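S.K.: Please see the structure below; I have some questions.
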Amino acid sequence: MSATLLLAQLLNGLQYGVMLFLLAAGLTLVFGIMSVVNLAHGSLYMLGAYAAAVVGTYTGSFALGVLAAVATGLVVGLLLEWVAISKLYSRDHLDHVLATFGMVLFFNEVVRMVWGPQPMFVSLPESLSGTVDLFGFTYPTYRFLIIIVGLLVAAGSQWLIHKTRVGMLIRAGSVNPQMVGALGVNIRLLNAMLFALGAGLAALAGAMAGPILSVQSGMGEPVLITTLVVIVIGG
């Protein structure tokens, strides 16, 4: 194997790992801190991909598509938490699985009814469709962008959870929510914000995956399985 091919495979593996991290980061926030098994996380990934594809095609701006995807994830996440997830906090994990699996079926059918069964394809702007020259080796610019976005999300998540007051409240609320609530903190609002943040990260992952993969109904389930494996192996 040549050095060029080895470097290409290493970068491809890093890019794919970062893509999975974007999904795993949001799912870890919800499962690791709130102890909610959210199988609908893949559906939020799918909705983010569709939002980015539709807005990006309509406006001609890839950046606006990504922003629309994150906004969609935040809004849908808040609605899901308010309508269904908040009722499941005191239930066991089997109830979480059954309820969120029902959401998967619901979102897949809604997407199929609105956009049809045919996949959508997202085109990249000219500035992201080229390649980067790295020590005589060329690599797609967009895949480098995915790696950079993933690293920024990792740094931002670390800063939020461990360096801010909100992160302190999140960590304390996951251990003893009654005590934190007795101190005047709105635990319900904190949980809603955390769930929305996880949904926004899932939608961001979907928006970034759109130009590489086809955007279609049911695209969130295969990648969700791999993401769960990542969470288990990564701890």
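The values are calculated or read from the model by the stated rules, or taken from the named source; none is laboratory data. The structure presented is a predicted model; accordingly, all values stated were derived computationally and were not measured. Neighbour counts run over all protein chains shown; Cβ positions are idealised from the backbone, glycine included. When the accessible area is computed, the model is the full protein with side chains, heavy atoms only, and any ligands, DNA or RNA have been set aside. Shrake-Rupley method; radii C 1.70, N 1.55, O 1.52, S 1.80 Å.
S.K.: Would you work out if region 103-235 is rounded, prolate or oblate? Take a ≥ b ≥ c from the square roots of the eigenvalues of the alpha-carbon gyration tensor; rounded if a/c is under 1.5, else prolate when a/b is larger than b/c, oblate otherwise.
M.R.: Judged from the Cα gyration tensor, region 103-235 comes out oblate (a/c at least 1.5, b/c at or above a/b).
S.K.: List the residues whose amide H sits under 5 Å from the amide H of THR131, counting only those 5 or more places along or on another chain, with H placed 1.01 Å from N in the peptide plane.
M.R.: Hits under the 5 Å cutoff: THR141.
S.K.: Listed highest first by mean packing, meaning other Cβ atoms within 10 Å per residue, what order do 155-163, 200-208 come in?
M.R.: 200-208, 155-163
S.K.: Something else about it: Is the C-alpha gyration tensor of the chain telling us rounded, prolate or oblate? Criteria: a/c under 1.5 is rounded; beyond that, a/b larger than b/c is prolate, otherwise oblate.
M.R.: Verdict is prolate for the chain.
S.K.: How large is the dipole of region 84-235 about the Cα centre if only Lys and Arg carry +1 and Asp and Glu carry -1, each at its Cβ, rounded to the nearest 20 debye?
M.R.: Here the size comes out at about 520 debye.
S.K.: With N set to the number of residues, divide the alpha-carbon radius of gyration of region 21-70 by 2.2 N^0.38 Å and report two decimals.
M.R.: Output field value: 1.34.
S.K.: Compute the relative contact order of region 96-232 as a whole-number percentage, counting only Cα pairs closer than 8 Å that sit 6 or more residues apart in sequence.
M.R.: That works out to 35 percent.
S.K.: So, one more: In whole Hz and in residue order, list the ³J(HN,Hα) couplings for region 36-42 that follow from phi through the Karplus curve 6.51 cos²θ - 1.76 cosθ + 1.60, θ = phi - 60°; x for Gly and Pro.
M.R.: Values, residue by residue: 10, 7, 10, 6, 7, 4, x Hz.
S.K.: Mind running the shape call on region 1-98? Use the C-alpha gyration tensor, a ≥ b ≥ c as the square roots of the eigenvalues: rounded below 1.5 for a/c, prolate if a/b tops b/c, oblate otherwise.
M.R.: Since a/c reaches 1.5 but b/c is at least a/b, the shape of region 1-98 is classed as oblate.
S.K.: Moving to a separate point now. Could you give me the ³J(HN,Hα) list for region 89-106, computed from phi with Karplus coefficients 6.51, -1.76, 1.60 and θ = phi - 60°, whole Hz, x at Gly and Pro?
M.R.: Ordered by residue, 3J(HN,Hα) equals 4, 8, 9, 7, 5, 5, 5, 4, 5, 5, 5, 6, 5, x, 5, 4, 4, 5 Hz.
S.K.: Find the centroid of the Cα atoms in region 111-178 and in region 33-98, then give the distance between the two in whole Å.
M.R.: 14
S.K.: Pop out the carbon and sulfur fraction of the accessible area of the chain as a percent, whole number, probe 1.4 Å.
M.R.: 70
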